[in-house]
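Everything below concerns the one structure shown next.
The values are calculated or read from the model by the stated rules, or taken from the named source; none is laboratory data. None of the values given here were measured: they were computed from a predicted structure. Here the Cβ positions follow ideal geometry from the backbone for every residue, glycine too, while neighbour counts run over all protein chains shown.
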Amino acid sequence: MAEQDRLVGGQLLAKTLKAAGVSQAFALHGGHLEALLKGCIEEEIALIDFRHESSAGHAADAYARATGKLGVCIVTAGPGFTNVLSAMTNAQLDGSPVLFIVGAPPLREVETNPLQGGIDQVAMARPAVKWAFSIPSTERIADLTAMAIRKAMTLPRGAVLLEVPIDVLHMSVAAARATPPAGVGVNPRPAPAPAEVARLVELLQAAKRPVLIAGNGAANHETAEALRALCARVPLPVFTKSLAAGILPPGHHCNGGAAGNLALLPMLGIDRPDLVILLGGKLGLLLGGRSGALVPHGATLVQIHGDAAEMGRIRDVDLAILADCTEATRALDAALKDGQFEEMEAWRAQAFSATGLFATMFPERETTRGIHPYHAARAVADAAGTEAAYVFDGGEAASWGAAAAVVDRPGALLGHGYLGCLGIGPGFAIGAQLAAPERRVIHLTGDGALGFHLQELDTMVRHRLPIVTVVLNNEVWGMSIHGQQIMFGSNYHVISKLGGTQFANIAQAFGCHAERVTRFADLAPALERAFASGGPAFVEVMTDADVVHPVTVAMLGQVQEGSNDVLIPYYENIPADTA
């Protein structure tokens, strides 16, 4: 048989990725992968390499979140695989479609204590991903890779693991014997049943104080277009979880900002919503958990989601619609009539009463101890504008950034999800930059979180990525020390202090334009110079360590004086009678 009639495993895998529309992959070199890396070059799939596998995984995740396309991460066996487990879990918990391709020792050397072997990678990954599988033979590479892609991209979307042993990847097979990559373009978009749409219209008609909360499943261009058309017909107050921020443009008459604003309404004497339409979001900590602070216990709940398992989590759902968010929004719009909800205008104005309230809580821009972190984040957002893409990392630093940034499209504000994984920032920023090369990416982080993957500044410099990293340096683990002091007194701290690190000097050594700012008046000029540099830039902002973000207080919880309840930081307190 002629040589050209045979295909190496790496070629088959790369060709399948190409057939699925993949043009960008995120990787860290390993010998197990050589045939695949060569195949990617032959198929013109761009590769960007990192200094740590976790960052490569986070970058693929961010690329998927920002574009809605498949993210692809390629890492080697053994420690390469174990290093990327956090990224897999992070993507899966937030429903991000990422294909993790990992190498493995040769099948023919199984149970011989081979290099970077001796562990069952697939078994380790299964609890953390939607699907995990090891390809058993070269001829099956294409169809099993296609299956992995379908599982990642179809509802509910998520992370998948594909293990490819080195012998399977490097061996060749007759082209005629190789299985075809069937179904790589399968992407069903289920629509709601007509009866479900009719019931949703009835609930809207009966409601006096309806709101819509958009979550990750709605964070895409198509749903944004459908929702904007719907809001042109109905003045429905729309709030968002972080990834869906920008689903309505800044200043839109129905844009109520972050979902957290709903928790502030009782403070203003305003009645809470009586109908909540949860579009593409799931109930959990990020929507107030079981507290009812954001989704009131007494409100009627409609949940539109692609995962049936999320229906009824935490509380009963009055109307569960298993459907694609875009199709459901279009169907609702088509079922409504113009002028049907004119009386909703007064409620919409009330529902937005808390918008902007957060900013008024912090009048001082700086103290003798440093710049106020909210005003530092506000200065960054003002300098970058609404067309930028933002990545937020850290505990309190991420919360300050999310409170300040405004974006003009969904997928432009990337932060922590349910894993609460610190260290996502550099990888997320690189993935976001490659997802939208024409836009400036702002990576705002805390000094604690930055320490996880500081070395990826080298990746930004080597690949000439014009990411601006801003570190709010208060020289402590902010959320940690503030929580400790709330619990045990203002002088208490255990392994929660940092200090003395000159991050700007480190960034400069990596090749970034870098500055350190200690006065608020100097921040805007420093940011202007960072943007003007045209390449990777770094601004270290020294902030006041004594400032506590309200979210820390809210998440920590409180025990009433005299109570014997057990305080459980970041979770529900345990009543004394059950402790």
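Tell me, which residue of region 375-416 that is acidic (Asp, Glu) and part of a helix (DSSP H, G or I) is nearest to Val471 (Cα to Cα)? Break it down into steps so the answer makes sense when it comes.
Within region 375-416, the subset acidic (Asp, Glu) is 382, 387, 393, 396, 408.
Filter again for part of a helix (DSSP H, G or I), leaving 382, 396.
On the way: Asp382: 16, Glu396: 12 Å.
Taking the candidates together, the pick is Glu396.
Answer yes or no: is there a residue in region 389-410 that is among the acidic types (Asp, Glu), buried (at least 24 other Cβ atoms within 10 Å of the Cβ) and either assigned by TED's automatic domain parsing to the domain that holds Ala226 or touching a residue at least 12 places away in the same chain (Cβ under 8 Å) (or both). Taking every residue of region 389-410 in turn, at least one turns out to be among the acidic types (Asp, Glu), buried (at least 24 other Cβ atoms within 10 Å of the Cβ) and either assigned by TED's automatic domain parsing to the domain that holds Ala226 or touching a residue at least 12 places away in the same chain (Cβ under 8 Å) (or both).
Taking Ser55 as the residue in question, decide whether it is in contact with a helix residue (DSSP H, G or I) (Cβ under 6 Å, 6 or more places away or on another chain), among the polar types (S, T, N, Q) and within 23 Å of His416 (Cα to Cα).
Numbers: in contact with a helix residue (DSSP H, G or I) (Cβ under 6 Å, 6 or more places away or on another chain): yes; among the polar types (S, T, N, Q): yes; within 23 Å of His416 (Cα to Cα): yes.
For Ser55, the condition - in contact with a helix residue (DSSP H, G or I) (Cβ under 6 Å, 6 or more places away or on another chain), among the polar types (S, T, N, Q) and within 23 Å of His416 (Cα to Cα) - is met.
Among the listed residues Val494, Val461, Val471, which satisfies the condition of being more than 23 Å from Ala379 (Cα to Cα), modelled with pLDDT of 95 or more and within 26 Å of the chain's Cα centre (by Cα)? From the options Val494, Val461, Val471, the qualifying one is Val461.
Do you know which residues across region 51-70 are small (Gly, Ala, Ser) and closer than 12 Å to Gly95 by Cα? Selection gives Ala62, Ala64, Gly68.
Looking only at region 152-169, count how many residues are surrounded by fewer than 19 Cβ atoms within 10 Å (Cβ to Cβ) and either assigned to a helix (DSSP H, G or I) or not assigned by TED's automatic domain parsing to the domain that holds Leu13 (or both). Show your work before the answer.
Step one: filter region 152-169 for residues surrounded by fewer than 19 Cβ atoms within 10 Å (Cβ to Cβ), giving 154, 156, 167.
Subset that is either assigned to a helix (DSSP H, G or I) or not assigned by TED's automatic domain parsing to the domain that holds Leu13 (or both): 167.
Total meeting the criteria: 1.
Within region 345-374, the residues that satisfy the criterion of being surrounded by 12 or more Cβ atoms within 10 Å (Cβ to Cβ), part of a helix (DSSP H, G or I) and not small (Gly, Ala, Ser) are Trp347, Arg348, Gln350, Phe358, Pro373, Tyr374.
Residues that are surrounded by fewer than 21 Cβ atoms within 10 Å (Cβ to Cβ) and either in the same structural domain as Ser96 (by TED's automatic domain parsing) or under 30 Å from Lys130 (Cα atoms) (or both) are absent from region 270-282.
Restricting the search to region 315-343, which residues are at pLDDT 95 or above, farther than 13 Å from Ala193 by Cβ, out of contact with any strand residue (DSSP E or B) (no Cβ under 7 Å at 6 or more places or on another chain) and of a type in the set (A, V, I, L, M)? Listed by number, the list holds a single entry, Ala334.
Kindly provide the set of residues from region 486-517 that are surrounded by fewer than 17 Cβ atoms within 10 Å (Cβ to Cβ) and over 26 Å from Leu465 (Cα atoms), ordered by number. Explain how you work it out, then say what you get.
Initial filter on region 486-517 (surrounded by fewer than 17 Cβ atoms within 10 Å (Cβ to Cβ)): 487-495, 497, 499-502, 505, 508-509, 511.
If the condition is that a residue be surrounded by fewer than 17 Cβ atoms within 10 Å (Cβ to Cβ) and over 26 Å from Leu465 (Cα atoms), then Met487, Phe488, Gly489, Ser490, Asn491, Tyr492, His493, Val494, Ile495, Lys497, Gly499, Gly500 are the ones that fit.
Any residue at all in region 177-197 that's of a type in the set (Asp, Glu), assigned to a helix (DSSP H, G or I), surrounded by fewer than 17 Cβ atoms within 10 Å (Cβ to Cβ) and more than 29 Å from the chain's Cα centre (by Cα)? Reasoning before the result, please.
Initially, region 177-197 is screened for residues of a type in the set (Asp, Glu), giving 196.
Then drop every residue that is not assigned to a helix (DSSP H, G or I), which leaves 196.
Retained after the next criterion (residues that are surrounded by fewer than 17 Cβ atoms within 10 Å (Cβ to Cβ)): none.
No: zero hits.
The residues in region 207-247 that are touching a strand residue (DSSP E or B) at 6+ places or on another chain (Cβ under 8 Å) and of a type in the set (Asp, Glu) can be counted, and the count is 0.
Of the listed requirements (1) out of contact with any Phe, Trp or Tyr (no Cβ under 8 Å at 6 or more places or on another chain); (2) modelled with pLDDT of 95 or more; (3) farther than 30 Å from Thr360 by Cβ; (4) polar (S, T, N, Q), Thr543 misses just one: (3). Screening Gly370 on (1) out of contact with any Pro (no Cβ under 9 Å at 6 or more places or on another chain); (2) closer than 20 Å to Cys231 by Cα; (3) touching a residue at least 40 places away in the same chain (Cβ under 8 Å) shows it passes everything except condition (2). Just wondering, is there one or more residues in region 218-234 that are under 28 Å from Val22 (Cα atoms), in a strand (DSSP E or B) and among the charged types (D, E, K, R)? No: zero hits. A single member of Ala379, Ala351 is more than 25 Å from Pro237 (Cβ to Cβ) and at pLDDT 95 or above, and it is Ala379.
Candidates Ala146, Ala123, Ala91, Ala128: the one that is touching a residue at least 60 places away in the same chain (Cβ under 8 Å), small (Gly, Ala, Ser), out of contact with any strand residue (DSSP E or B) (no Cβ under 7 Å at 6 or more places or on another chain) and not assigned by TED's automatic domain parsing to the domain that holds Ser242 is Ala146.
For the condition crowded, with 23+ Cβ neighbours inside 10 Å, over 21 Å from the mean Cα position of the chain (by Cα), not in a loop (DSSP other than H, G, I, E, B) and not basic (Lys, Arg), Val211 qualifies. Each residue in region 273-297 was checked for being more than 23 Å from Lys208 (Cα to Cα) and part of a strand (DSSP E or B), and 0 of them qualify.
Each residue in region 521-579 was checked for being part of a helix (DSSP H, G or I), of a type in the set (A, V, I, L, M, F, W, C), crowded, with 17+ Cβ neighbours inside 10 Å and within 23 Å of the chain's Cα centre (by Cα), and 3 of them qualify.
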